[in-house]
1. Which residue, of ALA40, ALA5, ALA36, ALA45, is open to solvent by 40 Å² or more (accessible area, probe 1.4 Å), of a type in the set (A, V, I, L, M, F, W, C) and at pLDDT 95 or above?
2. Here are some residues: LYS139, LYS202. Which one is open to solvent by 20 Å² or more (accessible area, probe 1.4 Å), under 15 Å from LEU71 (Cα atoms) and either touching a strand residue (DSSP E or B) at 6+ places or on another chain (Cβ under 6 Å) or part of a helix (DSSP H, G or I) (or both)?
3. Which residue pairs have Cβ atoms under 6 Å apart, sit 6 or more places apart or on different chains, and have a first residue in the stretch 21-48 that is farther than 14 Å from LEU154 by Cα and free of Cβ contacts under 8 Å to residues at least 40 places away in the same chain and a second that is of a type in the set (Ser, Thr, Tyr) and open to solvent by 30 Å² or more (accessible area, probe 1.4 Å)?
4. Does VAL111 meet the test of being touching a residue at least 60 places away in the same chain (Cβ under 8 Å), open to solvent by less than 60 Å² (accessible area, probe 1.4 Å) and assigned to a helix (DSSP H, G or I)?
5. Taking the stretch 176-191, which residues are among the hydrophobic types (A, V, I, L, M, F, W, C), part of a helix (DSSP H, G or I) and open to solvent by 40 Å² or more (accessible area, probe 1.4 Å)?
6. Considering only the stretch 148-175, state which residues are among the β-branched types (Val, Ile, Thr) and out of contact with any Ser or Thr (no Cβ under 8 Å at 6 or more places or on another chain).
7. Is it the case that some residue within the stretch 88-96 is polar (S, T, N, Q) and crowded, with 16+ Cβ neighbours inside 10 Å?
Amino acid sequence: MHTLAVRTSKGVLTPASTGRGLPSYLSEVQVNSLTAQFQAWFDSARTERERKRRARYWATFLVLRFTGARLGEVLAIQDDTDIDWRNAEVRIRTLKRRGEATRTVFLPANVVAELSQILVAHPDLRGRLFKLDPANFRKVFRARAEEAGIPRKLSHPHILRHTRAIELIRAGVPLTLVQNLLGHASLTTTAVYLQIHPVEAKHILRERGLI
């Protein structure tokens, strides 16, 4: 599988850490480097047993990366019933909502293909692909983030949620759709991502010849 890199329609994402209310997120370079480190770690497994163990972390990372879901939501996915393999969709049980609430999030075709290949290679993982201890996943995540040169304060799984939100909004995805994809109960929560970091604002103005 090729490293899953993403470019936005409005240039390179600028990591934000100063915004008053704007969550921190990874730059395009950072998130692609993190993805590459996760994939290299998975590919470097020396034994079949180790590869199978790492496959679950790699699969969880990919779904986190491209859905913007919370870690607890991804770990609750039933790969044998919640993934529509033909249509590249995943049903996610939304946390922080009263009662039973689910949402459908769309996955890149190559991510679905990678998940499918993992299950073909390790059929005994079917039905428990995402059954990981969250503390263990965070530990593995921090190690890969360190290898990618990402600051420790950004080395947590939830950073991928903020990063995906910023990507979607910068790509021009309607705010209400971003709200639905992320499972926000209120549009106000999603709207915080509309803020633009000063460095990025300057880049946009220069790109359009306005300064």
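The values are calculated or read from the model by the stated rules, or taken from the named source; none is laboratory data. Keep in mind the model is a prediction, meaning the values are calculated, not measured. Because the Cβ atoms are built from the backbone with ideal geometry, glycine has one as well, and the counts that use them run over all protein chains shown. Just the protein is used for accessible areas: all its heavy atoms, side chains included, with ligands, DNA and RNA removed. Shrake-Rupley method; radii C 1.70, N 1.55, O 1.52, S 1.80 Å.
1. Of the residues listed, the single one that is open to solvent by 40 Å² or more (accessible area, probe 1.4 Å), of a type in the set (A, V, I, L, M, F, W, C) and at pLDDT 95 or above is ALA40.
2. Exactly one of LYS139, LYS202 is open to solvent by 20 Å² or more (accessible area, probe 1.4 Å), under 15 Å from LEU71 (Cα atoms) and either touching a strand residue (DSSP E or B) at 6+ places or on another chain (Cβ under 6 Å) or part of a helix (DSSP H, G or I) (or both), namely LYS139.
3. THR35/THR3; GLN39/THR3
4. In short, yes.
5. LEU177, LEU187, listed by residue number.
6. THR163, ILE166, ILE169, VAL173
7. yes
Let's see how each residue does on (1) under 17 Å from ARG54 (Cα atoms); (2) at pLDDT below 90:
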position: GLY99; (1), (2): no, yes
position: ALA145; (1), (2): yes, no
position: LEU154; (1), (2): no, no
position: ILE169; (1), (2): no, yes
position: LYS202; (1), (2): no, yes
